[in-house]
Amino acid sequence: MNNVKTILVSLAALIFIVGCESDSDDDTPLLLDAGTLSGGPFSFVVDGVPDMVSGISLSNFNGEGDVQSFVITDDSRNILGLPPTFEALEGVDFDGAGIGLCYIYHITYQTGLTGLEAGQNLDGLSGEFDLSNFIMVNRGALNAGTLSGGPYEFVVDGIPDMVANISLDDTNLTGETQTYVITDDSRNILGIPPTLDAVMGVDFDGAGVGSCYIYHLTYSTGLNGLASGENLDNLTGEFALSNFIVVDRIALNAGSLTGGPYDFVVDGNPDMVSAITLDDTELNGENQTYIITDDNKNILGIPPTLDAVMGVDFDGAGVGSCYIYHLTYSTGLEGLESGGNLDSLEGSFAVSNFVTVNRDALIAGTLSGGPFMFTVDGTPDMVSGINLDDTALTGSNQGYVITDEELNILGLPPTLDAVEGVDFDGAGIGVCLIWHITYEDGLTGLIAGENAANLDGFFALSNSIRVYRNPNAGVISGGPFSFNVDGMPDMVNGIMLDATSATGTNRTWIITDDQGTILGIPPTLAAVEGVDFDGAGAGVCLIWYMRYEDGLTGLEMGNNISELQGLYGLSNSITVTRN
């Protein structure tokens, strides 16, 4: 400002000298002096409430100049207003100018001054003028103060969680109305506690997992949008927010289990897990335990410690799968009991990942070979070509079991060689089943004459191979026969049956074509010799004698002899050619 006055004084002196040189003896030099302003500085809060200056005075003004006024500028000397009088100056509402700095000057000038208008800049004035010193008007924003405390981290576990030791630095606090606001991490308003005590009474556990933010809010009358369920970004009006304090609400964490999976054989020998570890880096919660469930999450046991888990005998649980979990929970958890289900727990809790324990049955391997078809005729019949696939075989003891169809134990050959040394002809007519067995010590009931369904202990049986011991139909003789299909009846005769070695409860005769399709089932030899083969047309028929046991299926006209199921024996066949 002193520089401006110096320039003006120099300019006045120059004008005076030029005037003297122009022989103007009645012009005296004009020295403009806008005087000195006193008052202020002023500090207002931009809050929607009118803010006016007052108590400003002007001194040292010499009265020179055609026009006097006040000038209000921003901090870049842009002209905002030109109140002509003190009264007009004190009627200016500085709140409406928004946040920033204003400068008030007094100006005196001569007619012809240009650039003195709102929107122009003081540095652009041209003409004779003088500016006083300035008075500053600071238009500050609302200030909500500064919060300190936290951040806070709580576990959502059903136990009330309150903040504490939060304080508000209100040194620069401004605003007509004060409150606190709690939002989620998307700035949705969850609560509006009016005081710091009310903030400290809020139970953050009830908000569930997530993050909360605590703000202090200062605002003027007319603020809109300040309601629970609204969003902080939608507030409209004059307001200011403090910094925020974070409240993290984290879930219960049961840690992470490593170890396994474990594969045990249910064989009566104790099976314990080992080398399981719990990573408890992020573990939290009031209470801790372990849970063992089946594959349907039914609770089988609740060992309290890892040592207790490693003391559990999983062999006793039988065949199936077990799952080991770590559990963290708060007091009041319901449903945590053997026989309950993990999905039925109610309360605050968290479950870790699980470690799998597979409890497999004994495996007796897989037999291949057969089935075998023998005729009970007094000639030894042995099986051969049987193989045991023992890829997955388990068990301490091995052997073979031969039973009838009702699982009555007929023999216990210890090896496959012994199985292939058994004469099945001696067992008479019937069906034998060959099994491989694997078992543990203590098995009872594995005795010839007992039934395999009554075995008691740890064992497994393979699949079975069937050995059919069929009746002997004897030998028939006669023929072969050859007829001409000419419309004249053609009957066989002279057929003889040697049934010396024949066995079997039931008997019949069968006539088939040369493909084995059953054309007739005459019950006796007389019935066979009564058949008119001329009616069958050209072709070949085969005559058989059969012995069979009850339960035979497939013995019907139109079926094929290869489809018979059961115990039966066929004699040799006699050919009847129909030309």
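The values are calculated or read from the model by the stated rules, or taken from the named source; none is laboratory data. Here the structure is a predicted model, which means the values were calculated and not measured. Glycine gets a Cβ as well: all are built from the backbone with ideal geometry, and neighbour counts include every protein chain shown.
Okay, residues lined up against (1) at pLDDT 95 or above; (2) assigned by TED's automatic domain parsing to the domain that holds M373; (3) under 26 Å from F374 (Cβ atoms); (4) part of a strand (DSSP E or B):
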position	(1), (2), (3), (4)
I510	yes, no, yes, yes
P522	yes, no, no, no
G530	no, no, no, no
Y545	yes, no, yes, yes
G551	no, no, yes, no
L555	yes, no, yes, no
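Residue-by-condition table, conditions (1) in contact with a strand residue (DSSP E or B) (Cβ under 6 Å, 6 or more places away or on another chain); (2) of a type in the set (F, W, Y); (3) surrounded by 14 or more Cβ atoms within 10 Å (Cβ to Cβ); (4) not assigned by TED's automatic domain parsing to the domain that holds T183:
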{"position": "N224", "(1), (2), (3), (4)": "yes, no, no, no"}
{"position": "D267", "(1), (2), (3), (4)": "no, no, yes, yes"}
{"position": "S274", "(1), (2), (3), (4)": "no, no, no, yes"}
{"position": "L283", "(1), (2), (3), (4)": "no, no, yes, yes"}
{"position": "T305", "(1), (2), (3), (4)": "no, no, no, yes"}
{"position": "M310", "(1), (2), (3), (4)": "no, no, yes, yes"}
{"position": "D313", "(1), (2), (3), (4)": "no, no, no, yes"}
{"position": "L327", "(1), (2), (3), (4)": "yes, no, yes, yes"}
{"position": "T331", "(1), (2), (3), (4)": "no, no, no, yes"}
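Here M488 meets each of (1) surrounded by 14 or more Cβ atoms within 10 Å (Cβ to Cβ); (2) over 60 Å from the mean Cα position of the chain (by Cα) with one exception, condition (1). If the condition is being in contact with a strand residue (DSSP E or B) (Cβ under 8 Å, 6 or more places away or on another chain) and part of a loop (DSSP other than H, G, I, E, B), then the stretch 88-120 contributes V92, G98, I99, Q110, T111, L113, G115, L116, E117, A118, G119, Q120. From the list L497, L446, L461, the one residue that fits, being touching a Gly at 6+ places or on another chain (Cβ under 9 Å) and under 30 Å from S368 (Cβ atoms), is L446.
Would you check which residues across the stretch 45-67 are in contact with a helix residue (DSSP H, G or I) (Cβ under 9 Å, 6 or more places away or on another chain) and not in a strand (DSSP E or B) and list them?
Restricting attention to the stretch 45-67, the residues satisfying the condition of being in contact with a helix residue (DSSP H, G or I) (Cβ under 9 Å, 6 or more places away or on another chain) are 45-53, 56-58.
Matches in the stretch 45-67: D47, G48, V49, P50, D51, M52, V53, I56.
Each residue in the stretch 79-117 was checked for being surrounded by 15 or more Cβ atoms within 10 Å (Cβ to Cβ), within 19 Å of V45 (Cα to Cα) and in contact (Cβ under 8 Å) with a residue 40 or more places away in the chain, and 5 pass. Among the criteria (1) exposed (fewer than 15 other Cβ atoms within 10 Å of the Cβ); (2) under 30 Å from A254 (Cβ atoms); (3) of a type in the set (D, E, K, R), the one D161 does not fulfil is (1). Modelled with pLDDT of 50 or more and out of contact with any helix residue (DSSP H, G or I) (no Cβ under 8 Å at 6 or more places or on another chain): is that true of S22 in this structure? It is false that S22 is modelled with pLDDT of 50 or more and out of contact with any helix residue (DSSP H, G or I) (no Cβ under 8 Å at 6 or more places or on another chain). Any residue at all in the stretch 241-253 that is more than 30 Å from T179 (Cα to Cα) and either in contact (Cβ under 8 Å) with a residue 12 or more places away in the chain or not in a strand (DSSP E or B) (or both)? Taking every residue of the stretch 241-253 in turn, at least one turns out to be more than 30 Å from T179 (Cα to Cα) and either in contact (Cβ under 8 Å) with a residue 12 or more places away in the chain or not in a strand (DSSP E or B) (or both).
The residues in the stretch 374-417 that are more than 23 Å from A453 (Cβ to Cβ) and among the small types (G, A, S) can be counted, and the count is 4. Per the conditions (1) surrounded by fewer than 21 Cβ atoms within 10 Å (Cβ to Cβ); (2) in contact with an Asp or Glu (Cβ under 6 Å, 6 or more places away or on another chain); (3) not charged (D, E, K, R), the sole criterion not satisfied by A453 is (2). Note on the stretch 531-563: residues that are more than 19 Å from D513 (Cβ to Cβ) and touching a Ser or Thr at 6+ places or on another chain (Cβ under 9 Å) total 4. Is the stretch 498-521 home to any residue that is buried (at least 16 other Cβ atoms within 10 Å of the Cβ), touching a helix residue (DSSP H, G or I) at 6+ places or on another chain (Cβ under 8 Å) and aromatic (F, W, Y)? Yes, the stretch 498-521 contains at least one residue that is buried (at least 16 other Cβ atoms within 10 Å of the Cβ), touching a helix residue (DSSP H, G or I) at 6+ places or on another chain (Cβ under 8 Å) and aromatic (F, W, Y). Would you check which residues across the stretch 390-425 are under 23 Å from G378 (Cβ atoms) and of a type in the set (A, V, I, L, M) and list them? Residues satisfying the conditions are I402, L410, A418, V419, V422.
For (1) on the phi < 0 side of the Ramachandran plot; (2) loosely packed, with under 13 Cβ neighbours inside 10 Å; (3) over 43 Å from the mean Cα position of the chain (by Cα), each residue gets a yes or a no:
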{"residue": "L131", "(1), (2), (3)": "yes, no, yes"}
{"residue": "G150", "(1), (2), (3)": "no, no, no"}
{"residue": "F154", "(1), (2), (3)": "yes, no, no"}
{"residue": "L173", "(1), (2), (3)": "yes, no, yes"}
{"residue": "I192", "(1), (2), (3)": "yes, no, no"}
{"residue": "A207", "(1), (2), (3)": "yes, no, no"}
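All of I402, I409 fail the test of being buried (at least 18 other Cβ atoms within 10 Å of the Cβ) and touching a Ser or Thr at 6+ places or on another chain (Cβ under 7 Å), apart from I409. Picking from residues in the stretch 333-379 that are among the aromatic types (F, W, Y) and within 23 Å of the chain's Cα centre (by Cα), the one that is surrounded by the fewest Cβ atoms within 10 Å (Cβ to Cβ) is F354. Give the residue that is surrounded by the fewest Cβ atoms within 10 Å (Cβ to Cβ), with candidates limited to residues of the stretch 532-579 that are in contact (Cβ under 8 Å) with a residue 40 or more places away in the chain and among the β-branched types (V, I, T). Restricting to residues being in contact (Cβ under 8 Å) with a residue 40 or more places away in the chain and among the β-branched types (V, I, T), the top hit is T575.
If we scan the stretch 205-215, do we find a residue that is aromatic (F, W, Y) and assigned by TED's automatic domain parsing to the domain that holds H106? Checking the stretch 205-215: not a single residue is aromatic (F, W, Y) and assigned by TED's automatic domain parsing to the domain that holds H106. The lone criterion from (1) in a strand (DSSP E or B); (2) buried (at least 18 other Cβ atoms within 10 Å of the Cβ) left unmet by V422 is number (1). Close Cβ contacts (under 9 Å, 6 or more residues apart or on different chains) running from residues in the stretch 53-78 that are without any contact (Cβ under 8 Å) to a residue 24 or more places away in the chain and in the same structural domain as G96 (by TED's automatic domain parsing) to residues that are of a type in the set (G, A, S) and part of a loop (DSSP other than H, G, I, E, B) comprise G55/G39; G55/G40; S57/G39. Set side by side, the residues V163, V137 differ, and just one is in a strand (DSSP E or B) and either under 30 Å from S242 (Cα atoms) or modelled with pLDDT of 95 or more (or both), which is V137.
Take the conditions (1) within 25 Å of D157 (Cβ to Cβ); (2) touching a helix residue (DSSP H, G or I) at 6+ places or on another chain (Cβ under 8 Å); V355 misses just one of them, which is (2). Across the stretch 445-461, what is the number of residues that are closer than 17 Å to V266 by Cβ and not aliphatic (A, V, I, L, M)? Selection size over the stretch 445-461: 4.
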